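**Student:** The following block contains the structure, expressed as structure tokens.
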Number of protein chains: 2
Amino acid sequence: MPGPGRAPTGVESCDTCPIRHRAVCSHCVDDELIALEKIKFYRSFEPGQVIAWGGDRMDFVASVVSGVASLSQRLEDGRTQMVGLLLPSDFMGRPGRDVVPYDAVATTKVKLCCFRRAPFEDMIRDIPHLSQRLLEMTMDELDAAREWMLLLGRKTAREKIASFIAIIARRQASGSPVPMNGQIEIELPLTREAMADYLGLTLETVSRQINALKREGVVELSGKRHVTLPDFARLLQEAGDDADGGWIG
Amino acid sequence: MPGPGRAPTGVESCDTCPIRHRAVCSHCVDDELIALEKIKFYRSFEPGQVIAWGGDRMDFVASVVSGVASLSQRLEDGRTQMVGLLLPSDFMGRPGRDVVPYDAVATTKVKLCCFRRAPFEDMIRDIPHLSQRLLEMTMDELDAAREWMLLLGRKTAREKIASFIAIIARRQASGSPVPMNGQIEIELPLTREAMADYLGLTLETVSRQINALKREGVVELSGKRHVTLPDFARLLQEAGDDADGGWIG
DNA sequence: CGGTAGCTTGAAGCCCATCAAGAGGAGTGG
DNA sequence: CCACTCCTCTTGATGGGCTTCAAGCTACCG
């Protein structure tokens, strides 16, 4: 296991930050940003590295700058359910609570923009632009969690896999709507096992269903992780959602 | 189906409101409360009555004053998953969005304290006490949703039922921790079918598992809805959670 | 080359869904 | 009061989808 991810970074400015306009800081203006920059620092993590164990104290909150991290819960006997998938611009941690409730793990190389907890909590209180953006993002996460609950509770294994691929495609398109015609290329950011933990399945079932979709031409695989989608509408149909993907405006 | 639930209420004051200290308004002080009172009105709904259909415009947000309401998502073929269970003091609706993404249904007699959308959104912007409380509540809901995801994705039918009963017991204890010794009496606020929609099961499985727990003395039933818990620790054990119930500080 | 991590594939079995029938209780009206 | 209906819930029988257990495959790295 690699050591702690304290990054030996030089100075990095918010001006050139890739998530400047989507992260928790996106509504902030000049002096607010300067105040944030004073309490921020970067940390990097390697794939598989644990960012925080459930139950640990965590003395910072953070935005994901690049890479993918997951939040997981675990039952005593080891059964694991992923409950959050953090992509660039997503926020990690909860102001007002210093103990992490879930295991946070880097699933790819991850770079975090971290804010020390105490000053960040003060700023949440004092800077409406910050707390309002955090409220928006938390509500978006709640919507996503509820979509996810529908998947976990009611979809078949095949639908779960198709839904997952659709979710990744949409999030990698990042903002702009996914074109319904034309090829779409995506990179799965999770292992089969992590996908199983995301979807409430076993890794064997994940493998079987992915290969079933491949055999039927719904997806094409190059290597284990790279996926080509020849017909996104077909994928959505397999996912069991509405034609438009069931996304909530 | 009964008509719309516009309540012919007389004046009702926040001073005597049962959810005054837990709802979205709980941090508000004198003049803030007066401003809220100007835009509030009450509506009541009968069991089974639809509060809002998914896709509808909703021109208010609301706090649940009494009773229980549910939020549900539905796939095209009719499969239904409950994604929210709203008990007294819970908040309904999302500032900044006027279309409801889920079906909202009263599962018991429900009384809502409603705020007209537009002025409420202005107040969210202008009154930090309001937006900060809403942020807290939204984060609590997100935590609950994630606990729920673990249940949906990884627990057995038996564990789901035990977990559900434990959740209801805790929420009816409302704040104060559930005593681990002594009898606990609860009232199930849902039909078997609604429980099935909550838990990602069929109503037959719900019925079978409840009666299995009864046969084994984990719960006692009087009528269909009233439950006595002779040993709460035993119930938690059946739920598969940690000894303390897996609640996140 | 061996070792390991990630993935695929096969075989067997169990948990839960599905289909079906009936019991219990509340409300209605004769 | 009883017959009737409707709704909720219970119980039984059957089967399928997914898990579990097991083995082998592929790529990568020492």
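**Student:** Quick one: which of B:K111/B:K224; A:K160/B:K214; A:K38/A:K111; B:K160/B:K224; A:K155/B:K111 span more than 27 angstrom between C-alpha atoms?
**Tutor:** Violating the 27 Å limit, Cα to Cα: A:K160/B:K214; A:K155/B:K111.
**Student:** Give, in nm to one decimal, the length gained when the segment between A:S66 and A:E187 is fully stretched (0.36 nm per residue of separation minus the Cα-Cα distance).
**Tutor:** 42.1 nm
**Student:** Could you list which residues have their amide H under 5 Å from that of B:V65, counting only those 5 or more apart in sequence or on another chain, with H placed in the peptide plane?
**Tutor:** B:S89, B:K111, B:L112, B:C113
**Student:** What is the distance in Å between the Cα centres of region A:123-163 and region B:195-237?
**Tutor:** 30 Å
**Student:** A follow-up question, please. Based on alpha-carbon atoms only, what is the radius of gyration of region A:14-147 relative to the globular estimate 2.2 N^0.38 Å?
**Tutor:** So region A:14-147 has a normalised radius of gyration of 1.03.
**Student:** Sticking with this one: Find every distance from the label point of B:R125 to the corresponding label point in the other copies (7 Å from Cα along Cα→Cβ) and write them in nm, one decimal, shortest first.
**Tutor:** Here B:R125 shows inter-copy label distances of 2.6 nm.
**Student:** Then there's this: Which ³J(HN,Hα) values in Hz, rounded to whole numbers, follow from the phi angles of region B:224-232 under the Karplus curve 6.51 cos²θ - 1.76 cosθ + 1.60, where θ = phi - 60° and Gly and Pro get x?
**Tutor:** Result, rounded to whole Hz: 8, 10, 8, 10, 10, 10, x, 8, 5.
**Student:** Along the charge dipole of region A:2-139, pointing to its positive end and built from +1/-1 on Cβ of Lys, Arg, Asp and Glu, which listed residue (A:I127, A:A52, A:C114) has its Cα farthest out?
**Tutor:** Sorting the options by dipole projection puts first A:A52.
**Student:** Oh, and also: Can you spot the aspartates and glutamates whose alpha carbon is less than 12 Å from A:K109's alpha carbon? Ignore those fewer than 8 places along the same chain.
**Tutor:** Within the straight-line cut-off, A:K109 pairs with A:E46.
**Student:** Name the residue farthest towards the positive end of the dipole of region A:14-147 from the options A:A62, A:L75, A:C25, assuming +1 on Cβ of Lys and Arg, -1 on Cβ of Asp and Glu, about the Cα centre.
**Tutor:** A:L75
**Student:** Only counting other Cβ atoms within 10 Å, I'd like B:T16, A:T138, B:T205 sorted with the fewest neighbours first.
**Tutor:** Final ranking by Cβ density, sparse to dense: B:T16, B:T205, A:T138.
**Student:** Nothing charged except the Cβ atoms of Lys and Arg (+1) and of Asp and Glu (-1): what's the magnitude of the dipole of region B:115-238 about its Cα centre? Round to the nearest 20 debye.
**Tutor:** Here region B:115-238 has a charge dipole of around 340 debye.
**Student:** Quote the charge dipole size of region B:165-243 about the Cα centre in Debye, to the nearest 20; the model charges only the Cβ of Lys and Arg (+1) and of Asp and Glu (-1).
**Tutor:** In total the dipole reaches around 180 debye.
**Student:** Identify which of B:L190, B:L150, B:L85 has the largest mean-square fluctuation in a Gaussian network model of chain B, with springs joining Cα atoms closer than 10 Å.
**Tutor:** So, out of B:L190, B:L150, B:L85, the one fluctuating most is B:L150.
**Student:** Using the beta-carbon distance between B:R57 and A:D140 and R0 = 35 Å, what value does 1/(1 + (r/R0)^6) give for FRET efficiency, to the nearest 0.05?
**Tutor:** Calculated value: 0.95.
**Student:** In nm, to one decimal, how far is the A:E46 label point from the B:S26 one, both placed 7 Å along Cα→Cβ?
**Tutor:** In this crude spin-label approximation the distance works out to 4.5 nm.
Each reported figure results from applying straightforward, stated rules to the coordinates on display, with no laboratory input. Model, not experiment: these values are computed from the prediction. In this analysis, Cβ positions are derived from the backbone assuming ideal geometry, glycine residues included, and neighbour counts consider all displayed protein chains.
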